[in-house]
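Novice: Okay, handing you the structure first.
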Amino acid sequence: VTVDRRSPRCIVRYTFGERIVHMVAALSYVYLLLSGLAFWMPAFYWLTILLGGGFLSRILHPWIGIVFTGAVLWMLVIWWRDMMTTDADRAWRKEIGKYIRNEDDRVPPAGKFNFGQKQFFWIMLWAGIVLVLTGFVLWVPQSMPPSLRPLAVLLHGIASLVTIGAFIVHVYMGLVVVPGGFSAVMRGEVTEEWAWHHHQLWAAKVTGTSPRAHTSRDVASRP
Ligand code: HEM
């Protein structure tokens, strides 16, 4: 058997199921975001052209909201252990300035997800729960006490703005700042070098090696 030494070794980062649930969350979120903006402000109403029209998108928005919350709850089921804050996260958080300044070699090692990724998940989960509960109040007004409505409108708006802020950072990080992340979440695999560079503790775990035995440079310079 000939081994092609030029092709880097790959590690599975996201299983098929993980990629599907991410895809469902991403597509449903984008639909909710665009239709929500359209209902919120007349200046955005034209967006409904892309979403099946004003009438249909108003019917679909609450149902797709349930799909989105379901996807994030499913992420909780499969990733809750990976999303817990650890001592390594506390060390990472202290040194967050180095992460922001791209001093990657001096950032404390992270597990499967770094502290920022974990925070993004929790923000989407809690905001998603607020959105689905307040959305329900707005969906079936005839079965709700009228006094709840203004509060639901306010909280639905605040929670959606929180998710928009988090979403912009998430997409920017995933598409621009961390090359390789997007192909990971679409195709499932990352190179071993990527894993050591961005998620050293996770790389050590999946390859069964000691974290100290490697630096990202060691892996990069291997033949
Ligand atoms: C539609 C645009 C989206 C894009 C382009 C996108 C991109 C990405 C990328 C590239 C990763 C892999 C990061 C890595 O492993 O280094 C990722 C992971 C993830 N995405 Fe998304 N995503 C999108 C929407 C969403 C939405 C709406 C959610 C809602 C909860 C979400 C939740 C997550 C979570 C929890 C992870 C794993 C942890 C993390 O990286 O924060 N994504 N996404």
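Every number in this text was worked out from the coordinates using simple rules, so none of it is lab data. Not measured: the values here are computed from a predicted model. Here Cβ is always computed from backbone atoms with ideal geometry, including for glycine, and neighbour counts include all displayed protein chains.
Novice: Could you run through segment 63-81 and say how many residues are free of Cβ contacts under 8 Å to residues at least 40 places away in the same chain and surrounded by fewer than 15 Cβ atoms within 10 Å (Cβ to Cβ)?
Specialist: Number of matching residues: 4.
Novice: Exactly one condition in (1) within 10 Å of the ligand (Cβ to nearest atom); (2) surrounded by 18 or more Cβ atoms within 10 Å (Cβ to Cβ); (3) under 17 Å from V30 (Cβ atoms) is false for S160; which is it?
Specialist: Unmet for S160, out of (1) within 10 Å of the ligand (Cβ to nearest atom); (2) surrounded by 18 or more Cβ atoms within 10 Å (Cβ to Cβ); (3) under 17 Å from V30 (Cβ atoms): (1).
Novice: Please specify each residue of segment 118-162 satisfying the condition of being in contact with a Leu (Cβ under 9 Å, 6 or more places away or on another chain) and of a type in the set (F, W, Y).
Specialist: F121
Novice: Here are L60, L56, L47: which of them is of a type in the set (A, V, I, L, M), within 16 Å of the ligand (Cβ to nearest atom) and surrounded by fewer than 19 Cβ atoms within 10 Å (Cβ to Cβ)?
Specialist: So the residue among L60, L56, L47 that is of a type in the set (A, V, I, L, M), within 16 Å of the ligand (Cβ to nearest atom) and surrounded by fewer than 19 Cβ atoms within 10 Å (Cβ to Cβ) is L47.
Novice: Assuming A184 fulfils every condition listed in (1) out of contact with any strand residue (DSSP E or B) (no Cβ under 9 Å at 6 or more places or on another chain); (2) of a type in the set (A, V, I, L, M); (3) under 30 Å from T207 (Cα atoms) apart from one, which condition is it?
Specialist: (1)
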